[in-house]
1. Looking at segment 57-74, is at least one residue exposed (fewer than 12 other Cβ atoms within 10 Å of the Cβ) and in a loop (DSSP other than H, G, I, E, B)?
2. Would you please list the contacts, defined by Cβ atoms under 7 Å and residues six or more apart or on different chains, that run from a residue in segment 50-67 that is free of Cβ contacts under 8 Å to residues at least 24 places away in the same chain to a residue that is crowded, with 17+ Cβ neighbours inside 10 Å and not in a loop (DSSP other than H, G, I, E, B)?
3. Give all pairs with beta carbons closer than 7 Å in which a residue from segment 79-91 that is in a loop (DSSP other than H, G, I, E, B) meets a residue that is not hydrophobic (A, V, I, L, M, F, W, C); count only pairs at least 6 apart in sequence or on separate chains.
4. Among the residues of segment 104-148 satisfying the criterion of being modelled with pLDDT under 95 and more than 19 Å from residue 42 (Cα to Cα), which is surrounded by the most Cβ atoms within 10 Å (Cβ to Cβ)?
5. Among the candidates 37, 56, 23, which residue alone is out of contact with any Gly (no Cβ under 7 Å at 6 or more places or on another chain) and under 20 Å from residue 120 (Cα atoms)?
6. For the subset of segment 30-56 comprising residues that are open to solvent by less than 80 Å² (accessible area, probe 1.4 Å) and among the acidic types (Asp, Glu), which member is nearest to the chain's Cα centre (by Cα)?
7. Out of all the residues in segment 84-98, is one or more surrounded by 15 or more Cβ atoms within 10 Å (Cβ to Cβ) and among the small types (Gly, Ala, Ser)?
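The values are calculated or read from the model by the stated rules, or taken from the named source; none is laboratory data. Predicted model, so just to flag it, every value in this text is computed and none were measured. Backbone-built Cβ (ideal geometry, glycine too); neighbour counts: all protein chains shown. With ligands, DNA and RNA removed, areas are computed over all heavy atoms of the protein, side chains included. Shrake-Rupley method; radii C 1.70, N 1.55, O 1.52, S 1.80 Å.
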Amino acid sequence: MTATAAPQATSSVLAVPPAAPGDAAAYFAARLAFHTDVADVHAALAAGHADFAVVDSRSTQSWDQGHVPGAVHLPTAQIPALAAEFLDPAVPVVVYCWGPGCDGATRAALALARLGYRVKEMLGGIEYWIREGYAVETWEGTRQLPADPLTAPLDGECGC
């Protein structure tokens, strides 16, 4: 009688197997249709290639504290009443709020989509905009902090 090896335990990573490549491609393509990141938004704005409008969905007090330069201020609750006044329906919208722990941008994106706007959510919100070292406009003027070396690429390029 020979001993057989015990079956190797599956890691918690693969306890649920990865999706089939075609399913994964469809999922990731759909995810990119709904999201963008602060680095891509900043790069487009800095290069003058912004083919989208940026919307800050936070309160006026938060807006005054600091916002993406050139953004439109549309607090989520005011989107149904004010979107048509400030946004062109033919121009896609990138919306943001505080950061990953806040779903305010998701609520704002939903409100805009229900009004017929094409919209993406900026992952990381104003938190990661600031953490990556990008300038913000405040009620006192422009302000820029150094990039957080634990969350931003040291050379300014993520290589993604």
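1. At the first step, the residues of segment 57-74 found to be exposed (fewer than 12 other Cβ atoms within 10 Å of the Cβ) are 60-61, 70.
Among the residues that remain, those that are also in a loop (DSSP other than H, G, I, E, B) are: 70.
Looking through segment 57-74, at least one residue is exposed (fewer than 12 other Cβ atoms within 10 Å of the Cβ) and in a loop (DSSP other than H, G, I, E, B).
2. What qualifies is 63/56; 63/73.
3. 87/117; 89/116; 89/117
4. Only one residue fits best here, namely 139.
5. Details: 37 fails: out of contact with any Gly (no Cβ under 7 Å at 6 or more places or on another chain); 23 fails: under 20 Å from residue 120 (Cα atoms).
Only one candidate qualifies: 56.
6. Selected residue: 37.
7. no
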